[in-house]
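The values are calculated or read from the model by the stated rules, or taken from the named source; none is laboratory data. Given the structure is predicted, the values throughout are model-derived calculations rather than measurements. With ideal geometry, Cβ positions are generated from the backbone for all residues, glycine too; neighbour counts draw on all protein chains shown. Quick note on the areas: whole protein, heavy atoms, side chains included, nothing else; ligands and nucleic acids left out. Shrake-Rupley method; radii C 1.70, N 1.55, O 1.52, S 1.80 Å.
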Amino acid sequence: TACVVLTIAAPTLAEADPVADTAKDLMKAYSEAIVHVEAVVKITATGGEPMMKMPEQEQKVKVLGTVIDPSGLTVVPFLDPTKALGKMKINAGGQSIELKFKGEVREVKYRLADGTEVPARLVMTDDDLSLAFVAPEKPFDKKTLAKIAHVDLAKAAPKASILDKIITLGRLGKTLNHTLSVRVGRVSAIVTKPRTFYVGSGSLGSPVFASDGKLLGICTRRASKGGRTRSIGMMSALGGGSGGGANVPVILPAADVKEIADQAKEEMKKPKTES
C-alpha cells in the first residue's frame with residue numbers, strides 16, 4: 001500500500017517585506033541628510049486706524065530639513081511663522097483691529113545628525129510652495145562635510161498613484177534625542193490643481209520616497225490663499241504660536257522642488273548682504 005504524505009507549508013515567522021528592506025536601506029543611506037534647522041525670528045505686528053505698532057517679539061523656531069546638495073544646501077518649511085498667518089483681528093479695548101504680521105529671520109543654525117551645531121543663513125524662500133532654503137554661513141570644512149549626506153533631487157521617482165506605498169524619513173525631537181525615524185504609508189490623495197501635490201504620511205521638511213527607494217518629494221504645507229480673519233484677544237495674538245489658517249501637509253514632487261532649489265544654488269553664489 002502506497003503511503004502518501006501531505007506537506008503543508010507553515011507561514012514563516014518573518015515573511016519577506018521588500019518595502020521594509022528598502023526603508024532600512026534608505027535609513028542607512030540618508031540618516032545624515034535629515035537635520036534640524038533652528039532660528040530666532042523677530043516678529044512685528046501693525047494695524048488699526050490710526051496705524052499702531054504692537055511690541056516686538058522674538059520666537060525660536062525649529063524645523064526639520066533635508067540636505068539636498070553636497071554643499072549643505074537644505075530645504076525646510078518656512079522658518080518665519082508669520083508666513084502661516086492669515087489676516088488676524090484682535091479685540092483691544094472694545095475696538096476690532098486687523099493686524100498684519102512681519103517676521104525677520106535671524107541666528108540660523110543647523111543641528112546635524114551627530115548633534116553638531118553649525119551657523120547657517122537663509123538663502124531664499126518661496127511663498128507659493130511654503131519652502132525655504134538654508135545654506136552654511138561659511139563653506140563646510142572637510143570634517144563637517146564628512147558628517148552630512150544629501151538627497152539628490154534629480155534622481156526622482158516617476159509620478160505616484162493612489163494607494164502607492166511611500167516611505168518617509170524624519171527625526172524626533174529633543175525629548176527623544178533627535179533619533180532618526182521612518183514611516184511607511186500610502187498615497188491617500190493626489191491634487192492636480194493648481195499644481196500636483198501628493199497627500200500622505202510625512203513630517204514637514206522630510207523627504208518622501210517611493211517603494212523602490214527613489215525620491216518622490218519633500219513634505220511641505222499647502223497654505224490657503226488670502227488667509228482668514230479671526231477674532232482673538234490681544235495676548236493670544238502676540239502669544240508666539242505659529243498660527244492657524246488652512247495649512248495642510250502635502251508632498252511636493254521632487255522635480256518641483258529641484259526647480260526652486262536650482263534658483264537657491266544661484267543665490268548662494270551671490271555675496272551675502274549685511275542687514
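Extension gain, Leu163-Lys62: 0.36 nm per intervening residue step, less the Cα-Cα distance, totals 33.2 nm. A cut-off of 5 Å between modelled amide H atoms, ignoring neighbours fewer than 5 places along the same chain, links Ala120 with Val108, Lys109, Tyr110, Glu137. Can you pull out the trypsin sites (Lys or Arg not before Pro) in the range 96-173 whose DSSP state is coil and whose Cβ has at most 14 other Cβ atoms within 10 Å? Those satisfying the criteria are Lys155, Lys159.
Ignoring ligands, DNA and RNA, how do Glu32, Glu259 rank by accessible area with a 1.4 Å probe, largest first?
From most exposed to least exposed: Glu259, Glu32.
Each of Val248 and Glu107 was given a label point 7 Å from its Cα along the Cα-to-Cβ line. The distance between the two points is 3.7 nm. A crude spin-label estimate for the pair Thr175 and Asp21, with each label 7 Å from Cα along the Cβ direction, gives 3.7 nm. Amide H to amide H, with H built 1.01 Å from N, Arg222 comes under 5 Å of Val248, Val250, counting only residues 5 or more places away or on other chains. State the percent of C-alpha pairs, over all pairs in the range 73-228, separated by a distance greater than 27 angstrom. Roughly 36 percent, rounded to a whole number.
With a Förster radius of 35 Å applied to the C-beta separation of Asp114 and Glu259, the computed FRET efficiency comes to 0.65. Shown here for the range 66-172: GluC sites (Glu not before Pro) in loop regions (DSSP other than H, G, I, E, B) with at most 15 other Cβ atoms within 10 Å, namely Glu137. Pull out a ≥ b ≥ c, the square roots of the eigenvalues of the alpha-carbon gyration tensor of the range 95-143, then state rounded if a/c is under 1.5, prolate if not and a/b is larger than b/c, and oblate in the remaining case. Because a/c hits 1.5 or more and a/b exceeds b/c, the range 95-143 counts as prolate.
Using the Cβ of Glu32 as centre and a radius below 13 Å, the other residues enclosed give a net charge of +3, where K and R count +1 and D and E count -1.
Across the protein chains, with a 1.4 Å probe defining accessible surface, the residues Asp127, Asp69 rank Asp127, Asp69 from largest area downward.
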